[in-house]
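The values are calculated or read from the model by the stated rules, or taken from the named source; none is laboratory data. Since we're looking at a predicted model, the values are computed, not measured. All Cβ positions, even for glycine, are placed from backbone atoms using ideal geometry, and neighbour counts span all protein chains on display.
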Amino acid sequence: MDNGLMEVREKSGYFTGLLNDEEFEHYWPHIEKMMDFVPHTWEDLTKDGVVERVLNHNLQVWIVGGADVEMVLFTQIATFETGKVLQIFWGAGIGEVYEKAGDAVDAAMEYFAKTQNCKRIDVIGRFGWERILAKRGFKRKAIILSRPVVRGDLQ
């Protein structure tokens, strides 16, 4: 990591770390417990799918904390015709952590996005994130509307 990230950690007292395969396997039981606490937030994921995508390097897992792991974030890199976008699409942990650790999270995500040649960072999350992230320069770009596909015969 570059010196800027270390400086942010020293000032805030919080770390943000991207897990390698070995670290992921070590922290996976803790991550599973965090997922189990908020199952309604990952309805499009499965635990087996998360493990497979992490080990295939298609999904990144980040831990955030002070002395202990207090938050987990999932990211992925979406590739479009006009460039790559780092998407932060799932997170869980102690609610107040991001307010305190935001500088460390922002520095780590910005650094990672640059190393991956991403042109933008998108956060896909629940409504409460808009208020928190607006202070950090994020603006609403779109909304996601969903409905289930009605099963039936195709004609």
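Miscellaneous remarks
- In the stretch 76-86 there is no residue that is among the charged types (D, E, K, R) and over 18 Å from ASP122 (Cα atoms).
- Annotation: of all residues in the stretch 115-155 being touching a strand residue (DSSP E or B) at 6+ places or on another chain (Cβ under 8 Å) and hydrophobic (A, V, I, L, M, F, W, C), the one that is modelled with the lowest pLDDT is TRP129.
- In the set (1) crowded, with 17+ Cβ neighbours inside 10 Å; (2) within 21 Å of ARG126 (Cβ to Cβ), the condition left unmet by ALA104 is number (2).
- Qualifying positions in the stretch 53-92 - assigned to a loop (DSSP other than H, G, I, E, B), without any contact (Cβ under 8 Å) to a residue 40 or more places away in the chain and surrounded by fewer than 19 Cβ atoms within 10 Å (Cβ to Cβ): ASN56, HIS57, ASN58, ALA67, ASP68, GLU81, THR82
- The stretch 133-155, subset aliphatic (A, V, I, L, M) and in a loop (DSSP other than H, G, I, E, B), residue farthest from GLN76 (Cα to Cα): LEU154
- Number of the exception - PRO39 against (1) touching a strand residue (DSSP E or B) at 6+ places or on another chain (Cβ under 7 Å); (2) surrounded by fewer than 13 Cβ atoms within 10 Å (Cβ to Cβ); (3) free of Cβ contacts under 8 Å to residues at least 40 places away in the same chain; (4) of a type outside the set (D, E, K, R): (1)
- Yes/no for GLU130 being part of a helix (DSSP H, G or I), under 21 Å from THR41 (Cα atoms), in contact with a Phe, Trp or Tyr (Cβ under 8 Å, 6 or more places away or on another chain) and free of Cβ contacts under 8 Å to residues at least 40 places away in the same chain: yes
- Of all residues making up the stretch 33-52, the number that are in a loop (DSSP other than H, G, I, E, B) and under 24 Å from LYS100 (Cα atoms): 1
- Search result, residues across the stretch 14-32 that are part of a helix (DSSP H, G or I) and surrounded by fewer than 16 Cβ atoms within 10 Å (Cβ to Cβ): ASP21, GLU22, GLU23, GLU25, HIS26, PRO29, HIS30, GLU32
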